[in-house]
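Report on one structure; see the data block that follows.
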Amino acid sequence: MVSSSRTKEPAKFDLKKVPARVDRVNVSGLLRTHNDYVMKAAENLFKANNFQDVMLESMQAKAYLHELGIFKDVSIHIDVSRGENASPDGYEVTFKGHELSRIVGSVGTEVGQNEGSLRTELTIPNLFGRGESISLQGSYSSKRANDIQLKFWKSYFHTRFVENRPEISFSIFRHLDRFNVSKFQNTNYGCMAEFAVNTLTPIELTHSFQYEASIRELSLLQKTVPMAIREHCGPKLASLLRYSVIFDQRDNPVFPTQGLMVKSINEYCGLGGNVAYASNNTHAEISFPLFGGIVAQVCGRVGVIKETKKTTVLPLSNLFYCGGPLTLRGFEFGGAGPVVDGTPIGAQTYWSAGLHLWAPLPFNKVFKGLANNFRTHLFYNVGNFNTFSTENMRTAAGIGLAFKLAERARIELNYCIPMRKCMGDKVTNGFQFGIGYEFV
């Protein structure tokens, strides 16, 4: 006869009631890194007064060490404290790290705004032992933009400003931008200094301050280019300040179900040289859930560029091209903007807005994890250029399928129906393909 007995449940311990303190913190694996660069990791550990705090602060310190950009991986080892100075409830916390190699290289693909590119990078991390890095980056796109950039940057996580994540960078670059729709290309040679910081209180914002000095040269891609574009050809010197700010509370950057995102880029050019303008480009979107996995989303974008007292001629490469899958679906790139002799030349102001209803695939539970990368949507887009009125406003509606790319960008295949257009507009009545990370 087998007697039945209740299975004893394992005893549960409240780690908050276990007294503990950290007597010593060790960071092993430092070869090129100076000790003061990792000292901030230990500050909150010494404030712990129970074992739960020790574990939580250890995980925070591990995340901090990863953010420094000097280790490939970091492991944690917690042991009782030993030695003459050991306290009764004392522990030693040891972080074992493996520093990055002296030279790190990568090759991959990158998604831009309605284009993909091949990107290579060669980096020397932790150059002087306090997070300084230098890299040579290059990207090639058969469609529009090519870049070569030599960049040096340094973070200041180890300073008293650690909570704001400050970082300073300096780069030398060559940037080639082809405007095939307008039959010209713009080549920039120059240098740029940037200071970036995240403010966590009272709301989380990402700020970036940049100074750029460059030589811009506009050249023609075809012989049949209107005189209005030919007049801008030749090298010019530009000196500008750029300030950008990002506020992002979305729960997902690609398919958000709730949250608000606002991004604004402001430029003032004219600190020297013969190019002068002031511009602003702002993008915003808000999402909120409805029912049955359906999400409503409202997006908007506005751009303005104005002359300054120093000039009355605006650079063509900085004008706004309204139309295309990223700004105004149902129209070709630049197809809803000013035209000279059949060639789009860009607008000084533009605005566009979009209303979306996002929904999961009808049989998403059958495909399980794969279906989470897809969404269907109904959309309605409106937009206009060189005026903020609704007169001659362009509109389009449609339905589409979107695919998520690596938590950063998405691909859209939409069936578009232009509903309101003007003479000279270039429309896409039917399927339209788009790839990017900011859609309206």
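The values are calculated or read from the model by the stated rules, or taken from the named source; none is laboratory data. Everything numeric here is computed off the predicted structure, so don't read it as measured data. Glycine gets a Cβ as well: all are built from the backbone with ideal geometry, and neighbour counts include every protein chain shown. Only protein heavy atoms, including side chains, enter the accessible area calculation; ligands, DNA and RNA are left aside. Shrake-Rupley method; radii C 1.70, N 1.55, O 1.52, S 1.80 Å.
What the table below lists for this structure:
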| item | result |
| --- | --- |
| Options L405, L357, L328; residue that is closer than 21 Å to N281 by Cβ, surrounded by 14 or more Cβ atoms within 10 Å (Cβ to Cβ) and aliphatic (A, V, I, L, M) | L328 |
| Verdict on T395 being β-branched (V, I, T), more than 30 Å from T224 (Cβ to Cβ) and open to solvent by 80 Å² or more (accessible area, probe 1.4 Å) | no |
| When residues of the stretch 68-101 are limited to those that are open to solvent by 30 Å² or more (accessible area, probe 1.4 Å), touching a residue at least 60 places away in the same chain (Cβ under 8 Å) and of a type outside the set (K, R), the one farthest from T33 (Cα to Cα) | D89 |
| Residues (assigned to a helix (DSSP H, G or I) and open to solvent by 80 Å² or more (accessible area, probe 1.4 Å)) located in the stretch 45-65 | F46, K47, M55, L56, M59, Q60 |
| Residue in the stretch 308-325 that is more than 15 Å from R394 (Cα to Cα), assigned to a strand (DSSP E or B), within 22 Å of the chain's Cα centre (by Cα) and not polar (S, T, N, Q) present | yes |
| Set Q210, Q222: member being touching a residue at least 12 places away in the same chain (Cβ under 8 Å) and open to solvent by 40 Å² or more (accessible area, probe 1.4 Å) | Q222 |
| Residue count for the stretch 269-288, restricted to those that are open to solvent by 50 Å² or more (accessible area, probe 1.4 Å) and in a strand (DSSP E or B) | 5 |
| Complete set of residues in the stretch 408-426 that are in contact (Cβ under 8 Å) with a residue 24 or more places away in the chain, open to solvent by 50 Å² or more (accessible area, probe 1.4 Å) and within 28 Å of the chain's Cα centre (by Cα) | R408 |
| Strands (runs of 3 or more DSSP E) wholly inside the stretch 74-151 containing at least 1 residues that are modelled with pLDDT of 85 or more and within 30 Å of Q52 (Cβ to Cβ) | 90-99 |
| Where V340 falls short, out of the listed (1) surrounded by fewer than 21 Cβ atoms within 10 Å (Cβ to Cβ); (2) closer than 26 Å to N414 by Cα; (3) among the β-branched types (V, I, T) | (2) |
| Total residues in the stretch 289-316, condition surrounded by 18 or more Cβ atoms within 10 Å (Cβ to Cβ), more than 24 Å from L260 (Cβ to Cβ) and touching a residue at least 40 places away in the same chain (Cβ under 8 Å) | 3 |
| Unmet criterion (only one of (1) under 22 Å from P125 (Cβ atoms); (2) at pLDDT 85 or above) for M55 | (1) |
| Neighbours by Cβ (under 9 Å, 6+ apart or cross-chain): first from the stretch 26-50, in contact (Cβ under 8 Å) with a residue 60 or more places away in the chain and farther than 13 Å from L65 by Cβ; second of a type in the set (S, T, N, Q) and open to solvent by less than 40 Å² (accessible area, probe 1.4 Å) | R32/N126 |
| Residues located in the stretch 25-40, provided they are charged (D, E, K, R) and out of contact with any helix residue (DSSP H, G or I) (no Cβ under 9 Å at 6 or more places or on another chain) | R32, D36 |
| Elements of type strands (runs of 3 or more DSSP E) in the stretch 336-437, at least 2 residues being basic (K, R) | 394-405, 409-420 |
